[in-house]
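Laboratory data are not the source of any read-out in this text; all were calculated from the coordinates shown. Bear in mind that the values here come from a model prediction, so they are computed numbers and not experimental data. Every residue, glycine as well, gets a Cβ built from its backbone with ideal geometry; the counts of neighbours run over all protein chains shown.
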Amino acid sequence: MILKLSVNNQSVESSGITKDYKDALCEYVWNSFEANATAVAIDCIPNELTGSAEIVITDNGDGIAYDSLERTFGAFLDSQKNSRSLQIKTKANKGKGRFSCFSFASLAEWSTVTATPDGNIAYTISLENADKNQCDVSDPAPTTRSTGTRLIISGIDGICEDDVSFAQLEDTMLKAFAWYLYLNKDKKIVLTINGTELDYRKYINTDASVEKEILISRIPFKIALIVWNEKITENFSVYFLDEEGVVRSKDTTTFNRNTVNFNHSVFVTSPFFLGRDGITLKGKRVELDGQTALNEYDEDKKVLKELSKEIQDVIEESLHKHMAAQVDKAIARMEARDSFPTFPNDFYGALRKKDLVQVTKEIYRIQPRIFHNLKPIQEKSLLGFLNLLLSSEERENVLSIIDEIVQLSPKQREEFASVLKRTHLENIIATIRFIEDRYKVIEVLKTIVFDYAGYANERDHVQKIVEQHYWLFGEQYHLVTADKRMQKALEEYLYLLYGDKAPNPVLTPDEEELRRMDIFACAARNTEDANGSAIQENLVVELKAPKVVLTKAVLRQIEDYMDYVRKQPLFNSQYRRWKFIAVCSAVDDDVKARYDSQKSKGKKGLVAEIDNYEVYALTWDDVFQSFDLRHAFLLDKLKMDKEAIAAEIAQTAGDEKSKDTADALTALVAN
């Protein structure tokens, strides 16, 4: 049977049919999916000269209905099918798709099996490039074969075997069908190219993509957020599909200008969209393809408003997770650019930095555009300003300032306010715990030094405590070693400074080398001298048993350490400053007389100073009083229960004084 087509060669050429063979193959694959196919195969049969003799597209769809040929093949620019392509045409291809191959081939033949009330029938349709105004249709014949269609494209010109390989077609097919395969994954739809299955996971981040089913006014909606692995050329849009999977209209999402590569599309499927071919979530009346959009009745407005909120929540939740994965990298880049303010190298400095980093992370998660394309000085200024606000009584105003910049949603406001309160509370709790732990160390040390002088010694008690709590002599020092010969201490000092590249210390023979250095600590970071020049500060502490008085002989021991270090070429740089401290329970009159000689320097406990070397003589009460003065403000503000701490220590000590009790007290604060 010859079926006349309402078309001529000239009208086909001027109808806008694709000239790209890849797009043409997509048209035929869409025809298969629109016929409800769950398995579609594209195969190339090469000729002897490596050209493509035939391209075959096979599917297991419903086939081409014989009684509708005049409406499908017979009417050019008027088709019953609707495109589902993500280049979303939201309209039928109007019969042009079947002519797509004629930009590169001369003959197309469809062998199809379709169902009828009387059983399945099979027939063929042949269409030639040279005579597009008619097609040859064979007589239908009964068959037991399953429904489906096999399209053979032959007479191919200008396309070789490699052009139809999986490597060449994969990208085009993924762009067109990845979303469709994902949305219909429960149907186990398969698209193969020369036997290799197309994997939508190469284009879609399935871990970040989300599906959610909801009811609005008893109407079911299925929301599918697809997050793409790569940037897509289309706007980030919401596509509205009816129950048959036909795209009725689309609207852009509110995240089209995001700067964090959150590439996404949203597909909403519902019977609500049937007959509503131009809806928008923005509350406007639109016109699409000559069809006037629905007049938005009150009930429709209510449904769309609720749907818009649900879509927004799904996108924001996924974006939040996406940002959680990105924010650590962003903070690391800020730190690498030295954008964060410099904090003191102590507990309080670490606490303030942690607070600033946590709040910065939350701001970045909520709206990364705040930090987008900032110049280094702008980023540094922004973080510095934020740090000042967080450290002041204006902390709560950070929320208002950010809200003014990016107009936070109610949910974002709630989350950000929670972060501000939570981090502030965490800092308070951490500070209370920190001060309590330190106060406990002070009380234990006081008890051992003053009440257990006859039972405690420097090595088993005092030194064990001090070597784990070197903050007693300065937050800026890191403990290097304890109770080792001077040479070993100096070796470890070099290792701390230089790591594995530390030079071998060349020490001069000296009797003082064999003296013990109970505590040797090194500055954790560079500091500055009186002229503002960078300098390395080091600390040497000599500890004695609680009953030992700080006499000239004890002081001479620490001065011997100083003299030894001064003689070593590796340690006598003018860019190093050394502090040597002797600590005992009391200081005799001879040592007190040395205080007067250094009084003009204004440094408590200083008894000697030579170049970059200083010697201090302190009592344990000096150490304890220094702690109280440094922490007086916090101790008062935090209303610490000192009596409860003292009671805990007294309970551990009990009534009997002995070395065992001193050991038990030491174990409270020294592991």
Tell me, in nm to one decimal, what length is gained between Asp451 and Gln625 on full extension, where the rule is 0.36 nm per residue of separation less the Cα-Cα distance?
60.9 nm
Can you pull the one-decimal nm distance between simple spin-label points at Asn531 and Asn235, each 7 Å off the Cα toward Cβ?
6.6
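Would you mind calculating the gained length between Val549 and Phe255 on full extension (0.36 nm times residue separation, minus the Cα-Cα distance), in nm to one decimal? Walk me through the numbers on the way to the answer.
Details: separation 294, 0.36 × 294 = 105.84 nm, distance 7.32 nm.
Additional length available on full extension: 98.5 nm.
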Suppose R0 equals 60 Å. What FRET efficiency, 1/(1 + (r/R0)^6) with r the Cβ-Cβ distance, do Asn47 and Phe385 give to the nearest 0.05?
0.25
Measure of size requested: the Rg and Dmax of region 146-201, with Cα atoms as the atom set and Å as the unit; please supply both.
13.3, 39
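Show me the ranking of peptides 338-347, 646-655 by mean Cβ neighbours inside 10 Å, starting with the highest.
The packing order, highest mean first, is 338-347, 646-655.
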Is any residue of region 436-452 close enough, with backbone N under 14 Å, to a label point placed 7 angstrom from the Cα of Ala667 along the Cα-Cβ axis, and if so, which?
none
Which ³J(HN,Hα) values in Hz, rounded to whole numbers, follow from the phi angles of region 366-377 under the Karplus curve 6.51 cos²θ - 1.76 cosθ + 1.60, where θ = phi - 60° and Gly and Pro get x?
6, 8, x, 4, 4, 9, 6, 6, 6, 6, x, 5
Projected label distance in nm at Glu128 and Lys301, using a 7 Å step from Cα toward the beta-carbon
6.2
Computed FRET value (nearest 0.05) for Asp186 with Asp338, which takes r as the C-beta separation and R₀ as 51 Å
0.50
Glu537's amide H: which non-local residues (gap 5+, or another chain) put their own amide H closer than 5 Å, with H modeled 1.01 Å from N in plane and none for Pro or chain starts?
Ala523, Thr527, Arg577
For Arg218 and Asp157, what is the calculated FRET efficiency with R₀ set at 60 Å and r taken between the beta-carbons, to the nearest 0.05?
0.60
Inter-probe distance in nm under a simple model that places probes 7 Å from Cα toward Cβ, at Ile370 and Glu436:
3.3
Amide H within-cut-off set for Ile193, under 5 Å, with H built and near neighbours excluded
Ile42, Leu198
Looking only at region 600-634, which residues have a backbone nitrogen under 16 Å from a spot 7 Å from the Cα of Gln557 in the C-beta direction?
616-620
Going residue by residue through region 301-314, the Karplus relation 6.51 cos²θ - 1.76 cosθ + 1.60 with θ = phi - 60° gives ³J(HN,Hα) values, rounded to whole Hz and with x marking Gly or Pro, of 4, 4, 4, 5, 5, 5, 5, 4, 5, 4, 4, 4, 5, 4
How far, in nm, would the chain grow between Lys321 and Glu656 when pulled straight, counting 0.36 nm per residue and subtracting the alpha carbon separation?
114.7 nm
Whole-Hz Karplus couplings 3J(HN,Hα) for region 552-565, θ = phi - 60° and coefficients 6.51, -1.76, 1.60, Gly and Pro as x, run 4, 5, 5, 5, 4, 4, 5, 5, 4, 4, 4, 4, 5, 4
